[in-house]
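Visitor: This is the structure I want to talk about, given as structure tokens.
The values are calculated or read from the model by the stated rules, or taken from the named source; none is laboratory data. Keep in mind that what you see is a predicted model, and the values were worked out from it rather than measured. When we count neighbours, we look across all protein chains shown, and the Cβ atoms used for this are built from the backbone with ideal geometry, even at glycine. Accessible surface is based on the protein model in full, side chains and every heavy atom, while ligands, DNA and RNA are left aside. Shrake-Rupley method; radii C 1.70, N 1.55, O 1.52, S 1.80 Å.
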Amino acid sequence: IFSKLLAEKRIINVWLPPEYNSNQADSFPVLYMLDGGIQEDFPHLAHTLSIMIADKRIVPVILVGIENTQRRRDLTGPTVVKDDKKIAPAVGAAASFRAFVEEELFPEIHNRYRVSGERGIIGESLAGLFIMETFLLHPGMFRYYIAIDPSLWWNNHYLVRTAQKHLSTFPADKKRLWFAGSDTKDIYRYTRQLARTLQSLRLPQLEWTYSDEPGEKHNTIFRATKEKALAWIWGVK
């Protein structure tokens with residue numbers, strides 16, 4: 001699709017569960033995924049969903065993958081840290097990318113497919129950072145959030161430092177958050193801190209779990225934990 005907000009063409013990959021065609025009257029929840037290109041994480045996550053749905057471990061879900069153009073630009077918020085700005089020619093445009101997802105991609109998917117109002121999002125690393133930023137600053141966009149090894153160190157761990165303030169105005173409708181941290185120190189020191197903040201607040205409308213994974217590395221944790229996360233969010237009771 002062409003995004004007027006981003007002034008560029010964006011490739012969107014969609015996987016439909018078998019039940020989509022066999023149950024023509026049903027609508028389905030949608031799992032949006034970042035790093036969702038064919039050469040990125042889309043194929044292996046679609047494969048995982050197909051197995052878990054066939055085994056009746058999770059409910060049927062539509063997978064929508066958003067392929068990257070400038071990943072570090074789109075998945076990072078503003079930063080005042082000079083070293084952060086060195087990771088790519090352009091950073092800090094998460095707000096524009098989020099507007100594309102909400103104002104252009106959501107309507108496109110709703111027009112093309114039979115979708116319910118249940119939306120989730122999944123991603124790792126900088127994608128996990130974007131998900132946590134969305135969860136804290138724009139929680140109404142999704143009902144389910146899965147952030148694997150989120151790069152919460154960004155902008156001098158701004159999101160963790162301000163989490164309590166943002167959560168003080170958290171909406172009343174039910175949300176679910178699953179997040180995980182690997183053995184990477186710049187990751188787990190902040191994921192654990194965020195877990196402590198959530199534990200202290202005990203928001204009644206938020207169901208959450210933190211999966212501490214000291215045995216996993218940054219480049220292994222997604223494949224190691226994705227099934228646990230999906231089962232916790234959409235597991236068949």
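Visitor: How many residues does the stretch 182-214 contain that are within 18 Å of K228 (Cα to Cα) and of a type in the set (V, I, T)?
Guide: Number of matching residues: 2.
Visitor: A further question on this structure: Considering (1) touching a residue at least 40 places away in the same chain (Cβ under 8 Å); (2) aliphatic (A, V, I, L, M); (3) in contact with a Lys or Arg (Cβ under 9 Å, 6 or more places away or on another chain); (4) more than 20 Å from D35 (Cα to Cα), say which one A180 fails and leave the rest.
Guide: (4)
Visitor: Taking the criterion of being crowded, with 21+ Cβ neighbours inside 10 Å, of a type in the set (V, I, T) and either at pLDDT 95 or above or in contact with a His (Cβ under 6 Å, 6 or more places away or on another chain) (or both), would at least one residue in the stretch 201-214 satisfy it?
Guide: The answer is no; no qualifying residue exists.
Visitor: Please work out if I12 is farther than 30 Å from T162 by Cα, modelled with pLDDT of 95 or more, under 16 Å from the mean Cα position of the chain (by Cα) and surrounded by fewer than 19 Cβ atoms within 10 Å (Cβ to Cβ).
Guide: Taking the combined requirement at face value, the residue satisfies it.
Visitor: Turning to a different aspect of this structure: Just name the residue that is surrounded by the most Cβ atoms within 10 Å (Cβ to Cβ) out of those in the stretch 128-157 that are closer than 19 Å to D84 by Cα and under 12 Å from the mean Cα position of the chain (by Cα).
Guide: D149
Visitor: Test L159 against the criterion of being among the hydrophobic types (A, V, I, L, M, F, W, C) and not in a loop (DSSP other than H, G, I, E, B), and give yes or no.
Guide: Taking the combined requirement at face value, the residue satisfies it.
Visitor: Is there any pair linking a residue in the stretch 149-168 that is under 14 Å from I131 (Cβ atoms) to one that is surrounded by fewer than 22 Cβ atoms within 10 Å (Cβ to Cβ) and of a type in the set (D, E, K, R), with Cβ under 7 Å and at least six apart or on different chains, and which?
Guide: Pairs found: W154/D84.
Visitor: Could you grab the pairs with beta carbons closer than 6 Å, sequence gap of 6+ or different chains, first residue in the stretch 55-84 and of a type in the set (A, V, I, L, M), second one assigned to a strand (DSSP E or B) and open to solvent by 40 Å² or more (accessible area, probe 1.4 Å)?
Guide: The qualifying pairs are L63/W15; V64/V14.
Visitor: Would you check which residues across the stretch 94-106 are more than 14 Å from F142 (Cα to Cα) and either without any contact (Cβ under 8 Å) to a residue 40 or more places away in the chain or open to solvent by less than 50 Å² (accessible area, probe 1.4 Å) (or both) and list them? Talk me through it step by step, then tell me what you get.
Guide: At the first step, the residues of the stretch 94-106 found to be more than 14 Å from F142 (Cα to Cα) are 94-97, 100, 104.
Selection gives A94, A95, F97, F100, E104.
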